[in-house]
Amino acid sequence: MATLIDDPAPAYRVRPARGNEIGELQNIDLASASLFRGTGLIDFGPLGEPTQPIPEDRLRQGFGEGLIWVAVDDRDEVVGFALCSDRGPDLYLDQLSVLPRHGRKGLGTRLVRRCLQEAEARSHKRISLSTFRKVAWNGPFYRKLGFREVPVWRLQDWQSDIRELQRTTMDVRLRCFMQRTVKRGR
C-alpha cells in the first residue's frame with residue numbers, strides 16, 4: 001500500500017531576483033541573522049532583534065549590475081538570495097542568506113554555484129567573500145566549496161576597506177576573507 005505524502009518537499013530553483021522583491025530580500029536577511037542569536041557575533045540591539053537589514057540601495061545596485069539571484073520554492077516564493085558586486089578581478093559575494101526553515105537543503109550551495117557561474121561568464125579571476133571563520137554555516141561551509149582563507153597581509157585594498165568597516169560593528173579577528181579561483185572553459 002502506497003503512503004500518501006500530505007506535504008511534499010518543495011522543488012527549489014535559482015533565478016535572477018526581481019526589483020519588486022526588495023522587501024522579501026530584506027526580511028530573509030533579518031531572518032537568517034537570527035541564526036547568530038546567542039553567539040555574540042552580531043549586535044542584536046537593545047530589543048534583541050537584528051538591527052538593520054541589507055540596505056535597499058545596495059540591493060538596487062545588485063539589480064542594476066545583474067548580480068543578485070534568488071532561490072525560490074515550487075510556488076516561486078523567495079526563500080534565499082545571493083548578492084555580489086564587481087571588484088575588478090574579483091566577484092565579491094556580499095551576502096548569502098537563506099530562510100532558516102529552508103536551511104540545510106542545499107540552497108546556499110546552489111546560490112554559490114550560480115555566483116561562480118557568473119564569475120566565470122564575466123571573466124573574473126576569483127570569487128571572494130568575508131565570513132565568520134568558525135561558524136559552521138560560514139567558514140567551514142565555504143571551505144567545503146573550495147574557498148581558502150586569505151591571510152590579512154595579502155588582502156587587496158578594497159578588502160581592507162571592508163574589514164575596517166566591519167570593525168565598527170563586530171570583532172574582525174573572528175572573521176576572514178576567503179577566495180576561490182574561477183575555473184575557465186570546463
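Each reported figure results from applying straightforward, stated rules to the coordinates on display, with no laboratory input. Keep in mind that this is a model prediction, so the values were computed, not measured. Using ideal geometry, Cβ is built from the backbone for each residue, glycine included, and neighbour counts are taken over all protein chains shown.
For this structure, a couple of remarks:
- Annotation for TRP153 and VAL172: the two label points, set 7 Å from Cα along the Cα-Cβ direction, are 1.7 nm apart.
- Segment 70-148: C-alpha gyration tensor shape, a/c 1.5 cut-off, then a/b vs b/c: oblate
- Segment 13-181, relative contact order in percent, only Cα pairs under 8 angstrom and at least six apart counted: 20
- Burial order of peptide ranges 69-78, 24-33 (average beta-carbon count within 10 Å, highest first): 24-33, 69-78
- If R0 is 30 Å, the Cβ-Cβ spacing of ARG101 and ARG122 corresponds to a FRET efficiency of close to 0.35.
- Length gained on full extension, ASP76 to ASN20, computed as 0.36 nm times the residue gap minus the Cα-Cα distance: 18.8 nm.
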